[in-house]
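J.: I am attaching a structure below and will ask some questions about it afterwards.
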Amino acid sequence: MSDKFFVAVSGQPNCGKSTMFNALTGSTARVGNYPGITVDRTEGYYDKKGFEAHLVDLPGTYSLTSYSMEEVVARDVIVDEKPDVVINMLDATSLERSLYLAVQFMEIGVPVVLGLNMMDEVKKKGIRIDSAKLSKLMGVPVIECIARRGVGADELMQAVKQVKDETKGKWTPVNISYGHDLDPAIDEMTAMITESEFMTDRYDPHWLAVKYLEEDEIVIKNGRLAGDLSAKLEAIVKNVSDHVNKTLNTYPEAILADYRYGFINSILKQGVISREDNLRFDVSDKIDNVLTHRFLGPIIMLAVMYAMFYVTFTFGAYPQGWVEDGFGWLSSTLSSILPDGLFKSMLVSGVIDGVGAVMGFTPLILIMFAMLVFLEDLGYMARVAYMVDRVFRMFGLHGMSIMPFIMAGGLPGGCAVPAVMTCRTLRSPKERIATILTAPFMICGAKATAYIMLVSAFYPESATSMMFFLVIISWVLALCVGRLLRWTALRGESTPFVMELPPYRLPTLHGVAIHTWDRVWQYIKKAGTVILAISILMWALMTFPQLPAERVASYEAQRTQVTAESKSWDGSDDLRQAELGKKLNIISYAEGEEGLKTSYAGRMSEAIAPVTDYAGFPWQANIAFIGGFAAKEVFVSTMSTAYSLGDEDPENATSLSEKIAADPEWTPAAIWSVFIFMLVYVPCMVTVAVIVRETNWKWGLFSVFGSLGFGYSLSVLIYQVGTFLGY
Amino acid sequence: MSVSLRSMRKDQRGVVVSVNVRGELGRRIRDMGLIPGTEFRIVGRAPLKDPVALRMKGFTLTLRNNEADFITVEIEE
């Protein structure tokens with residue numbers, strides 16, 4: 001790297017770190033992921049007054065242990081990328097806890113600049129903080145900030161420059177005293193580590209000794225790989241641990257934390273903070289008295305969710321329509337320009353229709369994400385998790401899992417794609433994956449169209465209550481499968497619910513816009529490329545092999561014959577034309593049906609028929625399910641093609657419903673077999689693409705084949721038992 | 001008299017006496033600053049009485065009842 005500064009911005013969650021990061025980097029911020037994990041990595045540049053710096057935003061963490069991905073990432077960036085300076089933003093309204101992270105950065109030794117954020121709120125509460133004194137006692141620059149208004153941004157960078165000039169890249173770890181039980185052990189271990197240069201290329205010896213006492217899993221694992229010294233260090237830890245357990249009934253890690261807080265308190269007590277305000281009831285608590293009230297809370301929560309839904313699908317419909325119209329225009333323009341043939345068919349039916357269907361979701365995702373980011377930044381999402389945690393815990397999930405469920409279609413009409421993406425708010429990998437895998441069971445907008453078509457065919461009298469019943473089933477299935485997964489493939493303790501309920505703070509427009517756009521752009525980019533490939537594949541499956549030439553010729557001959565015969569029909573010219581049109585249509589439908597049955601998709605349907613017969617699917621449903629993997633909307637259009645009605649408009653499926661209702665293959669057992677299969681069989685390809693993106697290929701495949709197996713088993717059970725009982 | 005944090009009622013104040021849990025939970029509790037000597041006040045409970053919310057050190061913390069079991073407190077009247 002050039003002589004540009006490399007600066008990491010860190011802080012505890014909800015301290016205004018990202019707001020300050022945005023203020024520093026302006027529009028240069030770009031989001032990516034840390035390699036191999038889904039934690040966001042935001043980078044940007046500060047360039048003012050001839051001073052350039054490259055900034056990276058570390059994930060928000062309360063400390064630097066090695067339990068969560070965020071903590072490990074934050075630590076690894078410090079150790080491996082060696083930033084020149086760390087800017088540590090602090091929430092000044094909760095100074096004691098905020099300094100806990102700062103102390104840990106100082107222990108690693110990286111030069112630190114402290115940004116005391118929320119100084120306006122502190123002043124409003126009538127508290128005085130002596131930042132000069134804090135700076136002197138901590139030995140690091142302290143800058144007062146109001147991140148929302150960008151106050152303190154330039155001063156922070158000045159301090160960074162000053163610190164860099166003074167330290168000249170040299171790190172000086174701060175050694176806190178951990179008392180007479182631990183200090184001798186730390187000294188002994190530090191000496192041993194220094195002497196044998198044990199992992200000292202990466203870490204400071206003293207810090208390593210402390211981490212051994214904290215029984216830090218990652219450090220100890222690396223230590224064991226690095227050499228024999230590890231065993232000796234672990235023995236010392238064991239000794240100390242036994243000793244403090246016997247004498248003080250505690251363990252080293254707790255003592256370390258106590259001393260760190262003790263160190264912080266000794267500084268704060270020297271007149272840094274004028275008056276402590278720790279237990280005061282503030283505005284946020286008053287709001288919480290209403291928003292998390294035993295009866296009102298859940299009602300308001302449902303109202304908020306319903307409103308989000310309503311806004312997304314009511315207002316989102318307009319831009320969605322524009323995007324679809326745009327693709328429709330493109331499709332018809334290309335159709336009229338290009339000569340008939342396979343290339344045109346691929347471009348129009350494969351590429352444009354496939355990608356268009358996906359891009360049509362973009363406005364919905366944008367709107368839903370904007371509202372969600374807003375609620376999250378406001379502090380409301382933490383309250384929702386708090387209210388529903390008890391229920392979700394029974395199913396092995398976390399309170400935070402509710403949002404993905406709702407978004408995926410917990411109220412019918414959602415979409416699993418943004419839902420899977422929101423699972424990022426879940427901290428524990430196991431609970432997160434369980435949520436990602438079960439959220440697609442919900443009735444998304446596409447499945448809703450299919451159900452509306454089917455329900456109105458079979459249960460015209462009680463369509464609404466049937467839909468409601470299906471929604472209930474989707475929730476029950478999702479929660480029970482979540483429970484099942486957490487007992488089997490994703491077994492593990494539930495994540496603690498030790499969370500902060502952040503004070504309500506109105507988010508900045510800039511922050512919401514940046515976060516929303518980043519996520520939407522990732523959706524467009526990544527999902528878009530995968531979808532393009534699968535759309536072309538699906539198109540090919542439903543197009544090739546084409547009807548043999550003699551069959552095409554035979555249909556052509558039928559057409560010629562009918563046209564010729566029509567001349568001798570009775571009635572007026574108009575009547576004859578109408579009759580001819582009808583007959584020609586019937587021939588085209590027959591050709592279409594035969595074409596579909598001849599295609600690879602049709603053959604696949606035939607090939608799987610012996611298997612799906614156990615579940616009682618009519619052959620039309622078979623093909624529709626294959627098509628439905630691309631997007632569940634395809635289910636309705638494929639069914640209508642398969643029933644040779646030519647009415648491919650899913651909005652106007654009444655005649656299709658009638659036709660289906662008349663088909664004797666649809667016994668009640670077959671109907672419910674199809675209903676349940678549709679609910680779970682596979683997430684659509686966009687969702688699978690996003691699941692792969694958010695986890696890995698393994699879970700993507702598990703989601704496809706696991707759901708397929710589960711759905712099939714349920715369907716076979718329903719069909720066989722139903723048929724046995726005579727339905 | 002020392003009791004478990006679980007048994008406290010809304011609006012009661014208390015001081016943490018000890019946190020008897022190791023591992024991830026213990027670490028999270030300490031990271032949040034809930035260490036012996038910390039003063040707090042119960043500000044509310046979720047609609048199903050669990051989790052519980054506490055006000056301490058200038059912010060609001062939530063934890064589940066079965067997590068509160070590990071924390072012994074002295075109630076201040």
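J.: Look through A:Phe315, A:Phe309 and report the one residue that is more than 14 Å from chain B (Cβ to nearest Cβ) and touching a strand residue (DSSP E or B) at 6+ places or on another chain (Cβ under 8 Å).
T.: Details: A:Phe315 fails: touching a strand residue (DSSP E or B) at 6+ places or on another chain (Cβ under 8 Å).
Exactly one of A:Phe315, A:Phe309 is more than 14 Å from chain B (Cβ to nearest Cβ) and touching a strand residue (DSSP E or B) at 6+ places or on another chain (Cβ under 8 Å), namely A:Phe309.
J.: All but one of (1) crowded, with 18+ Cβ neighbours inside 10 Å; (2) touching a residue at least 60 places away in the same chain (Cβ under 8 Å); (3) over 22 Å from A:Arg383 (Cα atoms) hold for B:Val16; state the number of the condition that does not hold.
T.: The single condition B:Val16 does not satisfy is (2).
J.: Would you tally the residues in region A:201-243 being basic (Lys, Arg) and outside any helix (DSSP H, G or I)? So that I can check it myself, show each step before the final result.
T.: Looking only at region A:201-243, we keep the residues that are basic (Lys, Arg), and these are A:202, A:211, A:221, A:224, A:232, A:238.
With outside any helix (DSSP H, G or I) added as a condition, the list becomes A:202.
Qualifying residue count, region A:201-243: 1.
J.: Still on this structure: Restricting attention to helices (runs of 4 or more DSSP H) lying wholly within region A:659-727, give those where 1 or more residues are farther than 30 Å from A:Ile524 by Cβ and under 28 Å from the mean Cα position of the chain (by Cα). Steps first, please.
T.: Values: elements: A:668-680, A:685-694, A:697-724.
The qualifying helices (runs of 4 or more DSSP H) are A:668-680, A:697-724.
J.: Against the definition (more than 7 Å from chain A (Cβ to nearest Cβ) and closer than 20 Å to A:Ala257 by Cα), how does B:Phe70 come out, yes or no?
T.: On the way: more than 7 Å from chain A (Cβ to nearest Cβ): yes; closer than 20 Å to A:Ala257 by Cα: yes.
Considered against the rule, which asks whether it is more than 7 Å from chain A (Cβ to nearest Cβ) and closer than 20 Å to A:Ala257 by Cα, B:Phe70 comes out as yes.
J.: Out of the helices (runs of 4 or more DSSP H) lying entirely within region A:374-477, which hold 1 or more residues that are open to solvent by 40 Å² or more (accessible area, probe 1.4 Å)? Outline the logic, then answer.
T.: Numbers: elements: A:380-394, A:402-405, A:416-422, A:429-438, A:445-458.
Where helices (runs of 4 or more DSSP H) fall fully within region A:374-477 and carry at least 1 residues being open to solvent by 40 Å² or more (accessible area, probe 1.4 Å), they are A:380-394, A:429-438, A:445-458.
J.: Which condition number does A:Leu116 fail, the rest of (1) over 27 Å from the mean Cα position of the chain (by Cα); (2) in contact (Cβ under 8 Å) with a residue 60 or more places away in the chain being met?
T.: The single condition A:Leu116 does not satisfy is (2).
J.: In region A:54-111, which residues are open to solvent by less than 10 Å² (accessible area, probe 1.4 Å), within 14 Å of another protein chain (Cβ to nearest Cβ) and over 20 Å from B:Arg30 (Cβ atoms)?
T.: Residue satisfying the conditions is A:Ala92 alone.
J.: Identify, by number, the condition in (1) within 10 Å of another protein chain (Cβ to nearest Cβ); (2) out of contact with any strand residue (DSSP E or B) (no Cβ under 8 Å at 6 or more places or on another chain); (3) farther than 29 Å from A:Met119 by Cβ that B:Ser7 doesn't meet.
T.: Checking B:Ser7 against (1) within 10 Å of another protein chain (Cβ to nearest Cβ); (2) out of contact with any strand residue (DSSP E or B) (no Cβ under 8 Å at 6 or more places or on another chain); (3) farther than 29 Å from A:Met119 by Cβ, the one that fails is (1).
J.: Residue by residue through region A:475-511, note down the ones that are in contact with a Phe, Trp or Tyr (Cβ under 9 Å, 6 or more places away or on another chain) and either small (Gly, Ala, Ser) or within 28 Å of B:Val43 (Cβ to Cβ) (or both).
T.: Passing the criteria: A:Ala478, A:Gly482, A:Ala489, A:Phe497, A:Met499, A:Glu500, A:Leu501, A:Pro502, A:Pro503, A:Tyr504, A:Pro507.
J.: Of all residues in region A:315-333, count the ones that are of a type in the set (Ser, Thr, Tyr) and open to solvent by less than 50 Å² (accessible area, probe 1.4 Å).
T.: Going through region A:315-333, the residues of a type in the set (Ser, Thr, Tyr) turn out to be A:318, A:331-333.
Now drop any that are not open to solvent by less than 50 Å² (accessible area, probe 1.4 Å), which leaves A:331, A:333.
Qualifying residue count, region A:315-333: 2.
Residue by residue, here is whether (1) assigned to a loop (DSSP other than H, G, I, E, B); (2) within 14 Å of chain B (Cβ to nearest Cβ); (3) of a type in the set (A, V, I, L, M); (4) closer than 30 Å to A:Phe281 by Cβ holds:
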residue	(1), (2), (3), (4)
A:Arg505	yes, yes, no, yes
A:His515	no, no, no, no
A:Ser568	yes, no, no, no
A:Leu575	no, no, yes, no
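J.: Only residues that are closer than 23 Å to A:Gly139 by Cβ, without any contact (Cβ under 8 Å) to a residue 40 or more places away in the chain and either within 12 Å of chain B (Cβ to nearest Cβ) or among the aliphatic types (A, V, I, L, M) (or both): list them for region A:258-286, please.
T.: A:Asp258, A:Gly262
J.: Quick one: in region B:37-64, which of the residues that are facing another protein chain (nearest Cβ under 7 Å) and more than 26 Å from A:Met118 (Cβ to Cβ) is nearest to the chain's Cα centre (by Cα)?
T.: B:Arg64
J.: Return the pair list, or none, for Cβ contacts closer than 8 Å from residues in region A:363-390 that are at positive phi and modelled with pLDDT under 85 to residues that are open to solvent by less than 10 Å² (accessible area, probe 1.4 Å) and assigned to a helix (DSSP H, G or I), at least 6 apart or on different chains.
T.: none
J.: Taking region A:345-373 on its own, how many of its residues are assigned to a loop (DSSP other than H, G, I, E, B) and touching a Gly at 6+ places or on another chain (Cβ under 6 Å)?
T.: Residues of region A:345-373 assigned to a loop (DSSP other than H, G, I, E, B): A:360-361.
Applying the additional criterion that residues be touching a Gly at 6+ places or on another chain (Cβ under 6 Å) yields none.
Of the residues in that region, 0 qualify.
J.: Which residues, taken from region A:297-306, are more than 8 Å from chain B (Cβ to nearest Cβ) and surrounded by 13 or more Cβ atoms within 10 Å (Cβ to Cβ)?
T.: Kept after step one, since they are more than 8 Å from chain B (Cβ to nearest Cβ), are these residues of region A:297-306: A:299-306.
Passing the criteria: A:Ile300, A:Met301, A:Val304, A:Met305.
J.: Please go through region A:236-255 and pick out each residue that is hydrophobic (A, V, I, L, M, F, W, C) and more than 9 Å from chain B (Cβ to nearest Cβ). First the steps, then the outcome.
T.: Pass one, region A:236-255, residues hydrophobic (A, V, I, L, M, F, W, C): A:236-237, A:240, A:244, A:248, A:254-255.
A:Ile236, A:Val237, A:Val240, A:Val244, A:Leu248, A:Ile255 - these are the residues of region A:236-255 that are hydrophobic (A, V, I, L, M, F, W, C) and more than 9 Å from chain B (Cβ to nearest Cβ).
J.: If I ask for residues that are free of Cβ contacts under 8 Å to residues at least 24 places away in the same chain and within 26 Å of the chain's Cα centre (by Cα), which ones from region A:433-468 would you list?
T.: Scanning region A:433-468 gives no hits.
J.: So which of A:Ser568, A:Ser572 ends up being open to solvent by 70 Å² or more (accessible area, probe 1.4 Å), of a type in the set (Ser, Thr, Tyr) and without any contact (Cβ under 8 Å) to a residue 24 or more places away in the chain?
T.: Working: A:Ser572 fails: open to solvent by 70 Å² or more (accessible area, probe 1.4 Å).
Step by step, each of A:Ser568, A:Ser572 is checked, and only A:Ser568 is open to solvent by 70 Å² or more (accessible area, probe 1.4 Å), of a type in the set (Ser, Thr, Tyr) and without any contact (Cβ under 8 Å) to a residue 24 or more places away in the chain.
J.: Given the conditions (1) hydrophobic (A, V, I, L, M, F, W, C); (2) closer than 18 Å to A:Met20 by Cα; (3) within 27 Å of the chain's Cα centre (by Cα); (4) away from chain B (no Cβ under 14 Å), report the number of the one that A:Ile37 does not fulfil.
T.: (2)
J.: Identify all residues within region A:112-122 that are surrounded by fewer than 24 Cβ atoms within 10 Å (Cβ to Cβ) and not aliphatic (A, V, I, L, M); write none if there are none.
T.: Across region A:112-122, the qualifying residues are A:Asp120, A:Glu121.
J.: Which condition does A:Tyr310 not pass, out of (1) in a helix (DSSP H, G or I); (2) out of contact with any Pro (no Cβ under 6 Å at 6 or more places or on another chain); (3) touching a residue at least 12 places away in the same chain (Cβ under 8 Å), if it passes all the others?
T.: A:Tyr310 satisfies every listed condition except (3).
J.: Which of the numbered conditions does A:Ile127 fail, given that it passes all the others? Conditions: (1) at pLDDT 90 or above; (2) open to solvent by 10 Å² or more (accessible area, probe 1.4 Å).
T.: Evaluating A:Ile127 over (1) at pLDDT 90 or above; (2) open to solvent by 10 Å² or more (accessible area, probe 1.4 Å) leaves (1) as the failure.
J.: Please count how many residues of region A:386-405 are over 13 Å from the mean Cα position of the chain (by Cα) and of a type outside the set (Lys, Arg).
T.: Step one: filter region A:386-405 for residues over 13 Å from the mean Cα position of the chain (by Cα), giving A:386-399.
Adding the requirement that they be of a type outside the set (Lys, Arg) leaves A:386-389, A:391-392, A:394-399.
Residues flagged as over 13 Å from the mean Cα position of the chain (by Cα) and of a type outside the set (Lys, Arg) within region A:386-405 amount to 12.
J.: Can I ask one more? Have a look at A:Arg424, A:Arg383 and point out the one that is basic (Lys, Arg), closer than 17 Å to A:Met499 by Cα and within 14 Å of chain B (Cβ to nearest Cβ).
T.: Details: A:Arg424 fails: within 14 Å of chain B (Cβ to nearest Cβ).
Exactly one of A:Arg424, A:Arg383 is basic (Lys, Arg), closer than 17 Å to A:Met499 by Cα and within 14 Å of chain B (Cβ to nearest Cβ), namely A:Arg383.
J.: While we're looking at this one, here's another question. For the list (1) within 8 Å of chain B (Cβ to nearest Cβ); (2) open to solvent by less than 40 Å² (accessible area, probe 1.4 Å), I need the number of the one condition that A:Arg294 fails.
T.: (2)
J.: Yes or no: A:Val9 open to solvent by 20 Å² or more (accessible area, probe 1.4 Å), of a type in the set (Val, Ile, Thr), within 20 Å of A:His515 (Cα to Cα) and in contact with a helix residue (DSSP H, G or I) (Cβ under 9 Å, 6 or more places away or on another chain)?
T.: Values: open to solvent by 20 Å² or more (accessible area, probe 1.4 Å): no; of a type in the set (Val, Ile, Thr): yes; within 20 Å of A:His515 (Cα to Cα): yes; in contact with a helix residue (DSSP H, G or I) (Cβ under 9 Å, 6 or more places away or on another chain): yes.
So A:Val9 fails the test.
The values are calculated or read from the model by the stated rules, or taken from the named source; none is laboratory data. Here the structure is a predicted model, which means the values were calculated and not measured. We place every Cβ from the backbone using ideal geometry, glycine too, and count neighbours over all the protein chains shown. All accessible areas refer to the heavy atoms of the entire protein, side chains included, with ligands and DNA or RNA removed. Shrake-Rupley method; radii C 1.70, N 1.55, O 1.52, S 1.80 Å.
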